Amino acid sequence: MENTLINFLQLFQPIPEPHQEIIASIFEPRSFKEGDYLFRGGKICNELFFVCRGILRIVVINEKGVEVTHFFVKENHLCTILSSFNNQTAADESIQAASDTAALAITRTRLLALYKELPYMKELIDRITQQRLLDKIRTRNAYLGQDSAARYKLFLEQEPDIASRVPLKDIASYLGITPQSLSRIRKNSK
């Protein structure tokens, strides 16, 4: 799994061999079953995850007590509750496995120590995080003004791998529609 992380990081910047070993040694392999929480909201998120296999979802409980999926995070992506992780504040959001998942985890303390040992890693992680945030904004903006059927069609076009691997209730939550509406949309689109 460590090679997956190193290969991902090297898409953005070459990493010398001795540094690869340092990076790989401080990330901890973890496995999660679908539905497991990697982090529950209401606390400070002190871990950063790299998804090697599977899909995570960022989820929050709305004012009606209903779970709402904000984002999906798939293989070869980093995942944390960024504002909580960076600012050391309690998060409303949780991180849950939307499918069986293998990930690498690093605590904030260990990541900050890595930044001291390999200073270029901070700029690298920041650059990756910034690019991912821009991708999320672009994706969410594409859904604006679309009706539910158009949002689902767009989701299938943009994320076919996620669509086939996560429960329909999670997709409905992400798209802001009820599972019943999604079933109707799926039935009508066949």
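Return yes or no: is I171 within 18 Å of the chain's Cα centre (by Cα) and either at pLDDT 90 or above or farther than 27 Å from C45 by Cβ (or both)? When the stated conditions are applied, I171 passes them.
Within region 86-108, is even one residue closer than 24 Å to H19 by Cβ, open to solvent by 40 Å² or more (accessible area, probe 1.4 Å) and touching a residue at least 40 places away in the same chain (Cβ under 8 Å)?
Taking region 86-108 first, the residues closer than 24 Å to H19 by Cβ are 86, 102-108.
From what is left, the residues that are open to solvent by 40 Å² or more (accessible area, probe 1.4 Å) are 86, 107-108.
Narrowing the set further to residues that are touching a residue at least 40 places away in the same chain (Cβ under 8 Å) leaves 107-108.
Checked region 86-108: at least one residue is closer than 24 Å to H19 by Cβ, open to solvent by 40 Å² or more (accessible area, probe 1.4 Å) and touching a residue at least 40 places away in the same chain (Cβ under 8 Å).
Every test in (1) part of a helix (DSSP H, G or I); (2) touching a helix residue (DSSP H, G or I) at 6+ places or on another chain (Cβ under 9 Å); (3) of a type in the set (A, V, I, L, M) is passed by L134 save one, and that test is (2). Of all residues in region 109-138, those being under 26 Å from D36 (Cβ atoms), open to solvent by 20 Å² or more (accessible area, probe 1.4 Å) and of a type outside the set (K, R) number 4.
Residues are listed down the side, and each one gets a yes or a no for (1) in contact with a His (Cβ under 9 Å, 6 or more places away or on another chain); (2) of a type in the set (D, E); (3) at pLDDT 95 or above; (4) open to solvent by less than 70 Å² (accessible area, probe 1.4 Å):
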position	(1), (2), (3), (4)
T4	no, no, no, yes
E21	no, yes, no, no
R30	no, no, yes, yes
D36	no, yes, yes, yes
G42	no, no, yes, yes
R53	no, no, yes, no
L56	yes, no, yes, yes
F72	no, no, yes, yes
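Restricting to region 172-190, and then to whatever is open to solvent by less than 50 Å² (accessible area, probe 1.4 Å) and in contact (Cβ under 8 Å) with a residue 40 or more places away in the chain, can you tell me which residue is nearest to L82 (Cα to Cα)? Restricting to residues being open to solvent by less than 50 Å² (accessible area, probe 1.4 Å) and in contact (Cβ under 8 Å) with a residue 40 or more places away in the chain, the top hit is Y174. Cβ-Cβ contacts under 8 Å between residues 6 or more apart (or on different chains), taken from a first residue in region 141-157 that is open to solvent by less than 90 Å² (accessible area, probe 1.4 Å) and part of a loop (DSSP other than H, G, I, E, B) to a second residue that is modelled with pLDDT of 90 or more and of a type outside the set (V, I, T), are listed as Q146/L154.
Take R165 and decide whether it is surrounded by 15 or more Cβ atoms within 10 Å (Cβ to Cβ) and either assigned to a loop (DSSP other than H, G, I, E, B) or in contact with a Lys or Arg (Cβ under 8 Å, 6 or more places away or on another chain) (or both).
Judged against the criteria, R165 is a match.
The values are calculated or read from the model by the stated rules, or taken from the named source; none is laboratory data. Fair warning: this is a prediction, and the values are worked out from it, not measured in the lab. When we count neighbours, we look across all protein chains shown, and the Cβ atoms used for this are built from the backbone with ideal geometry, even at glycine. Surface accessibility is based on the protein's heavy atoms, side chains included, excluding ligands, DNA and RNA. Shrake-Rupley method; radii C 1.70, N 1.55, O 1.52, S 1.80 Å.
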